[in-house]
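Let me begin by presenting the structure, written as structure tokens, before commenting on it.
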Amino acid sequence: MRGFSTATTLNDQSLTLALASGLTPDGTADDLSFFHGFTTQPQVVARSLVALAEITATRYYNFSPEAERDPILSAHGDRLRAECFSACNGVYACFELFAGALDGGQIGYGTTNVDISSQSRALLSQISQRSLLHLNVGHDGLRATTKTSATCERPVAMPNRWVAALGNVSQIMQAFILRFQAPASGARSFIASLPPASATTRSAWLSAVGQSLKVSQRAIPGSVFFPGVHRLSALKRLLPFIQGVRVFSADGEAPGAVLSVDLPGARMTVAVTEEAWRGFSGEGSLLVSLAQENVRENAETIAELLAFDPRIDAEYLGDEASLAQPAVEAALAFLAASGRVGWDPHASAYFHRELPHDAENVIRANPRLTGARRLLDGQKAHPYEQGWVVVSGKKRYFVHSEGDNGTLAESAECTCRLYTDHAGTRGPCKHILAAMLMTGEVR
Amino acid sequence: MKVNPKLNDALAVFKELGWDQATRSDVLQLPIGTAEQQRVAVAGLKSGDWGDFGQLSENTFGWISAVDVDEQMLGLFAIRIGVDPTRAVRIARGDDNVLLQCVLLRGEDFAQKYLQQYYRSPGRMHEHALSVQGGVGIGLACALGAEPLAAIEYLKDWAAVTLHALTGEKHDIYREQRWLPQIEELAPTFLDHVRVAVDNNLPTTGPFGKVIPAAVEKGILTRGEVLKLCITGLELSVRPGDRKAYVEILTSALRITDDELLDNREIIKALIAIGEAPIIEAFAPRLIASVAADEVYEVALPALFAKTAKSRLCVLKALELRTDLDSADAFIVADRLTEITELPHKQAANVARKLLERWNLQAEQMPEESAPIRGLWQKTPDLWELPRFEVGEASSATLAQAVNELRTRDQYIYDLQGDRLLAIAVELAKKSVYQARLALSGASQETWSGVLSQWANGQTITARASEYPSHVKMVFSHVGKIPCLLSTPSYLDSTVSYDDLRHRLMQYAEVKVGVLQTDLVLALLRLDTSQVDDTSELPPEIPVVLADGNHLDRDAAQVIRDYIADPLLEDAADVNKSWLTISVSNLPPSLDGLKFPLNLQYRPDSLTRLFPHWGTAAFTGLYWCGQEVSYAGLYADDASYRAHPLPPAAVMNLLALQRPVHPKMAPWCAQGIQQAWERGLLVPGVADVAYLDWSGELTHLASFAQAMRELADQGMLSLVWPVLDQIVVAALAAPRLPAGLAEVVHTMAECVPEVLAGVETGVASKEAICVPGLRTLASRKGSSQAVEAARAAVALLPEVSTESLERPAKHKRISDAEFSEVWPQGAGVVEHVEDGSRVCGFDMDNAVSTAALPVMFSFVGLPGETFVREHTSWNWSIVSEHQALVRRIASGERETEGYVRWDGSQAVFSEHRNWREDIGGPLEGEASSWAPFLAKIIIADVATAPDPIGERNTLSNLVKESVVGCETVRHAVNELLPFEQWSPARAVYLLESAPELLPALWPMLTEPLHFAAQQPKLPRWVNRVLDIVLLHAALLNEATARGYLPQDAWNGILDIAAMKGSSAAIKKARELRDLFDSLH
């Protein structure tokens, strides 16, 4: 059985991760090392990790410094990937260190998370571009070694909310496409112009004009709305190394935006929510996928086929598991909801990262689905006019879908408060889910 | 309020033990009773409220106690007899040694938990102030000698207390603390606290920033320890203010050496990349000078991205001094240097160019290729044909959708979406109230103030018979009974056609119900009365239902006929540009007995859809207020649905709204102007810059210029081009060129090729190249960025014979009529009562950055007493009750807060605002007598408040109402001038655009000039004062000639003009000397 060790537990307050210790392409190992060797870009590595630490320790809405610094570190054979969320959960950051920036060792496979404390952050900050940085990444966490001193970080507790946020960020980012990019000069000028993290929320419309990135306070044709550009401020530390910038967003009313900067042998990607005050958790965007038939069983089947792939080939998985593509997508979404796969907007594909998995918790974390099933079981939904009346508590709600607009998942509207307040941008409400269950659109 | 059912038993024990008769100082000696008594007391005190805030009298709200004993004593009793730490924190009052000892008496474990609980969310006056029980908090920590709490709130208190202990500074310690820990108690854990504070990012912009250098000075911390901590703190800080403070400590207090900088250079390099001026200016030049040659570019590259030109220049100069750099490595900075050569800052561009030349990195000279012409000057689109407004089908689904489509929910605004929802609700409820309620079942309590939700839940909606009844409430109190709404728009501009109105009225006649008064009035306001010629077919005897349920004394048809004959026209509306309110002086008699659907006096903003046939007055909602939350974007969108081209004020403010607004509103603003343009509603040349932000003030021009550039790129160049030149014209008329003008001119320069192309193709007229503002600016002397950019732009334009604009006609004499309009005879002359008040400074110890400095004053008749203004942003009691909230300081007495007033013969202090009744709350009865000390307070505030909009308005109103006259102002200004905190430059701001205030406020000009002339060195503010005098020179000269001002009033100018030198101030004074007849 591939996966996490039994020491990994999920409690109310925190998810304590063990390494996906034993699992590599060569089989289980108790004392694996994700990477053991040198990096050719010591300052890129050091400053990127400090930038991640800064993000995890910053609450960008009603700014206040916090003390949460638990990046997740995954090894995919061709890259190391460190991911984190800001203290406010409204910013997701992913640092990828590619094999081209590493030397003298092989990148392994697995996942852990590390706490970059103020002591190790200070050490990282002193690393020069000329220093010899020896990276030793294993089940103990990340070891940053210089010629003169060393510090070792142990895996630490990870906020429970990160798991839901990982699932939601991966689902949201699937709608994002590359809108434009700019080379080093334009990218650096843009990053240099960013307001500090403590600035009041400032949003902007970004567009590419020639070699530069134009920042506008108005919605101009072809621009991408970037909510809260101050949330990118940690990237300033990387300014001298930035080789280009890419901006991703979804069509229509985008639930946030993504920006990535290219670094020598590395890349830093930052995704932000649609509002600075909103966190990534609670988006509800996975609900439809989670309500698909046999999704839990299919997810287990798919999970057996994963091996820390940096890019998951869904078609291959479908063939191997004898599942249709919608079922594979739903299964992957289910795995995403538990943080076991993430979405790479550059590759437009899932990647595999192992986190302890609790299928029941996925359901628990999505109470709307449970609520919808309960409504159905209690026969609280019935057809009315061109829609459904759903009785919830003492209230009646009307679920309707105008015209022939495809599936309910795409077009249903409800009169409940969740829907009217957010116009469906936070996933279907339990009344719509109940109607979908009734029609058999989901099971 | 939840009262513990066992509270009375506990109170009985409290009294049995004699606590009700004791004082706070007895607490530690008082008995706590037997175990049984303690059990009973704890049971009654461990939970529940001891009172609640409520209404004390008709106009007074306050604390209503549920216990008949001293709550402070009860709290201490509860702590002593054994309530848990959470409860103890909640009920503890006061911040003294008694409370501290009570907590300590409960043992170390309890004290530790109390400390942790208290610092979960302690209350404090402002970010850095000592919290309400901070003395006890830090005292407990000292007494426990425990590890510092890693909690920001705790550390803030520690810093405030420690700073006080080190330096005696009380700036952040509000109220007189009777007990605070001393340095001996703080010293043992001092270093630990600083470490924890640094690790936890304790802001250095507060007391902590002063604690560090003070600790070094007192020898408590060594320089080495502090240096290390400051570097760590600098690296960990996220706020620019904190980083700046650390830089200040490192460079000023610790005087960090070059070697120490080199030791920490990697950290500094990363910090330089953040791009903040204080870090770059303090460290980048020094590092560039001292690092090895091959490391210089690592420092220089990020430093060259500094946000300020000054910072970039100092980096460039440092690079210039390094002559040992290898040009082979310099390619790293080549791109950035090339960019700097193209930035407006000339000096930096020159140095960058030199460096590029030195390193043979000249950017490849591409043949100057002009940008392709995109045809941005386009023909104005034809005026659109107004479509009809279609409500659509009424069903549960469409009604639910209508809720979802509301552009804003929290309050009802008059818009198409609201009209659609109401119309569908009325139509659907006619068929099935159940379906209508079902559709609205999800509406939240916030939507339209809960009306929808309440109605959906079956509650009865009652419209209040207030002056401006809610239309929504009226509708939902009758929904299901009425056949339709009269006010539902017929067309997209919200016009109601007469035919529709008549047809709808007939439906009412059929079902024999009355029309709703709000609905009728709204329909009338939307009716195009000019198109109606026959009103004979209106059905008779349909009553008009008023908000209170009664009927109007005439039927609906009569009201309509009367209104058509005598409608409310825009002529009756007067727009108050200061407050953007509208006063309608004469409501037509046809509306007698009917109320408006909203109060025009409270900044009404959804008027666009209320008055579809009005001009300027209907667009006051187009008001730019930065990124604050407002509905301005919605009104921008509404403006694009008019039937006729927009008036000058509307076009100007629609353009103004393209500056940064709240992100929620930005798409609406952009859509509004785009639609208005496409629908032919924006006619080039119509916009009038005098209406910019409804005040004509030239502010936020840089962002305005950027927005205009973007609109030009969208094909609206013909619209924005004349506006940009108008801005330049207005700027030239101002006493000094406004900030952002350079950006405006740059934008014009960028647009010149497109303008020329437009003229060449004939789509633009030749007048487009006249641009008198731009040409006049270009002809000005000087080398400011605006002037140089204007020259560059004009160089691209063909010469035309256009008269250059002259500066405002300050050399001309003012006509009699012009003068009398601004300065009527007797204006500004108000009897000055000598109240014996004297300004004696500002209380800097209690100054806060968010309000005016607290001015201090005394009265001749009250020797030994000083009064300090309290709550400096609150002027209500001054204006309305003629008394000021102050802190009274009398030698040998405790400081007391209260109100000072003038009783007609002497100043009187009262601890109570309602001094007639000796109680709190607003003063009942007439205001006290007005006295000059009140004016002095306002005049002081005008120059010291951080954003004195309210203070300026207050002073302006006091002048306009002839409450404050020139003699009082003269006294006030002369008393304030000796204090450097009071800057005349800030005080005279309101005179720039309000010459009508000069009859009373001229001493704000004459007295400072006289004062300045007596100083050994001219103060910096004198230029600004002279600018205002120059601006209004003709008016002031005429007033002096007429004897409204003393002949010697301008002697200050004479004295300054006579000074040696050629500074700008002296030149201006000489110019004025020549202008003023009285000075010849």
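Just a few scattered comments:
- Test result for B:Arg916, surrounded by fewer than 21 Cβ atoms within 10 Å (Cβ to Cβ) and in contact with a helix residue (DSSP H, G or I) (Cβ under 9 Å, 6 or more places away or on another chain): no
Residue by residue, here is whether (1) among the aromatic types (Phe, Trp, Tyr); (2) surrounded by fewer than 23 Cβ atoms within 10 Å (Cβ to Cβ); (3) at pLDDT below 90; (4) touching a helix residue (DSSP H, G or I) at 6+ places or on another chain (Cβ under 9 Å) holds:
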{"site": "B:Arg887", "(1), (2), (3), (4)": "no, yes, no, yes"}
{"site": "B:Arg901", "(1), (2), (3), (4)": "no, no, no, yes"}
{"site": "B:Ala940", "(1), (2), (3), (4)": "no, no, no, yes"}
{"site": "B:Pro946", "(1), (2), (3), (4)": "no, yes, yes, no"}
{"site": "B:Val973", "(1), (2), (3), (4)": "no, no, no, yes"}
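- Hey, B:Gln411 out of contact with any Cys (no Cβ under 8 Å at 6 or more places or on another chain) and more than 12 Å from chain A (Cβ to nearest Cβ) or not: yes
- Of the criteria (1) in contact with a strand residue (DSSP E or B) (Cβ under 6 Å, 6 or more places away or on another chain); (2) more than 9 Å from chain B (Cβ to nearest Cβ); (3) farther than 28 Å from B:Leu301 by Cβ, which one A:Arg231 fails: (3)
- Scanning segment A:93-114 for residues that are in a strand (DSSP E or B) and more than 16 Å from A:Phe351 (Cα to Cα) returns A:Leu102, A:Asp103, A:Asn113.
- Cβ pairs under 6 Å, 6+ apart, first in segment B:398-420 and closer than 27 Å to A:Gln386 by Cβ, second surrounded by fewer than 19 Cβ atoms within 10 Å (Cβ to Cβ) and among the aliphatic types (A, V, I, L, M): B:Asn404/A:Ala423
- Those residues of segment B:275-286 which are surrounded by fewer than 23 Cβ atoms within 10 Å (Cβ to Cβ) and either over 36 Å from the mean Cα position of the chain (by Cα) or at the interface with chain A (Cβ under 10 Å from one of its Cβ atoms) (or both), in sequence order: B:Glu276, B:Pro285, B:Arg286
- Within segment B:399-457, being at pLDDT 90 or above, touching a helix residue (DSSP H, G or I) at 6+ places or on another chain (Cβ under 7 Å) and aromatic (Phe, Trp, Tyr) holds for one residue alone: B:Trp455.
- Condition check for A:Val270: over 30 Å from B:Ala656 (Cα atoms), of a type in the set (A, V, I, L, M, F, W, C) and away from every other protein chain (no Cβ under 14 Å): yes
- Exactly one residue out of B:Ala215, B:Ala197 is surrounded by 20 or more Cβ atoms within 10 Å (Cβ to Cβ), touching a helix residue (DSSP H, G or I) at 6+ places or on another chain (Cβ under 8 Å) and within 14 Å of chain A (Cβ to nearest Cβ), and it is B:Ala197.
- Unmet criterion (only one of (1) under 22 Å from B:Leu17 (Cβ atoms); (2) surrounded by fewer than 16 Cβ atoms within 10 Å (Cβ to Cβ)) for B:Ala41: (2)
- Residues that are of a type in the set (Gly, Ala, Ser) and more than 29 Å from B:Gly206 (Cα to Cα) number at least 1 in the following helices (runs of 4 or more DSSP H) confined to segment B:216-322: B:277-290, B:296-303, B:309-321.
- Restricted to segment A:160-194, and to residues there that are at pLDDT 90 or above and at the interface with chain B (Cβ under 9 Å from one of its Cβ atoms), the residue that is surrounded by the most Cβ atoms within 10 Å (Cβ to Cβ) is A:Arg188.
- Checking each residue in segment A:295-308 for being among the acidic types (Asp, Glu) and modelled with pLDDT of 85 or more picks out A:Glu297, A:Glu300.
- Any hit, segment B:434-451, residues being away from chain A (no Cβ under 13 Å), among the aromatic types (Phe, Trp, Tyr) and surrounded by 24 or more Cβ atoms within 10 Å (Cβ to Cβ): no
One line per residue, one yes/no per condition, for (1) more than 16 Å from B:Lys210 (Cβ to Cβ); (2) surrounded by fewer than 20 Cβ atoms within 10 Å (Cβ to Cβ); (3) more than 10 Å from every other protein chain (Cβ to nearest Cβ); (4) in contact with a Pro (Cβ under 6 Å, 6 or more places away or on another chain):
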site	(1), (2), (3), (4)
B:Thr222	yes, yes, yes, no
B:Glu225	yes, yes, yes, no
B:Thr232	yes, no, no, no
B:Leu236	yes, no, no, no
B:Pro240	yes, no, no, yes
B:Ala245	no, no, yes, no
B:Glu248	no, yes, yes, no
B:Ser252	no, yes, yes, no
B:Thr257	yes, yes, yes, no
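- Pairs with Cβ under 9 Å, 6+ apart, first in segment A:365-379 and under 27 Å from A:Phe280 (Cβ atoms) and among the hydroxyl-bearing types (Ser, Thr, Tyr), second modelled with pLDDT of 85 or more and part of a helix (DSSP H, G or I): A:Thr370/A:Lys430
- For segment B:684-698, the set of residues classified as in contact (Cβ under 8 Å) with a residue 60 or more places away in the chain and assigned to a loop (DSSP other than H, G, I, E, B) consists of B:Pro684, B:Ser695, B:Gly696, B:Glu697, listed by residue number.
- A:Arg202 vs. criteria crowded, with 19+ Cβ neighbours inside 10 Å, assigned to a loop (DSSP other than H, G, I, E, B) and within 8 Å of another protein chain (Cβ to nearest Cβ): yes
Here's the yes/no breakdown for (1) part of a loop (DSSP other than H, G, I, E, B); (2) charged (D, E, K, R); (3) over 36 Å from the mean Cα position of the chain (by Cα):
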| position | (1), (2), (3) |
| --- | --- |
| B:Arg39 | no, yes, yes |
| B:Leu56 | no, no, no |
| B:Val67 | yes, no, yes |
| B:Leu74 | no, no, yes |
| B:Arg87 | no, yes, yes |
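Conditions (1) in a helix (DSSP H, G or I); (2) within 12 Å of chain A (Cβ to nearest Cβ); (3) in contact (Cβ under 8 Å) with a residue 24 or more places away in the chain; (4) touching a Gly at 6+ places or on another chain (Cβ under 9 Å), marked per residue:
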residue	(1), (2), (3), (4)
B:Val629	no, yes, yes, no
B:Leu634	yes, no, yes, yes
B:Asp637	yes, no, yes, yes
B:Ala643	no, no, yes, no
B:Leu646	no, no, yes, yes
B:Leu654	yes, no, yes, yes
B:Arg659	no, yes, yes, yes
B:Pro667	yes, yes, yes, yes
B:Leu682	no, no, yes, no
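- Among residues of segment B:733-751, those that are surrounded by fewer than 20 Cβ atoms within 10 Å (Cβ to Cβ) and assigned to a helix (DSSP H, G or I), counted: 3
- Selection status of A:Leu263, under 21 Å from the mean Cα position of the chain (by Cα) and within 10 Å of chain B (Cβ to nearest Cβ): no
- B:Glu320 being of a type outside the set (Lys, Arg) and more than 26 Å from A:Gln243 (Cβ to Cβ): yes
- Condition check for A:Lys214: in contact with a helix residue (DSSP H, G or I) (Cβ under 7 Å, 6 or more places away or on another chain) and at the interface with another protein chain (Cβ under 10 Å from one of its Cβ atoms): no
The values are calculated or read from the model by the stated rules, or taken from the named source; none is laboratory data. Just so we're clear, the structure is a prediction, and the values are computed from it rather than from any experiment. Neighbour counts are summed over all protein chains in view; Cβ atoms, including those assigned to glycine, are modelled from backbone coordinates with ideal geometry.
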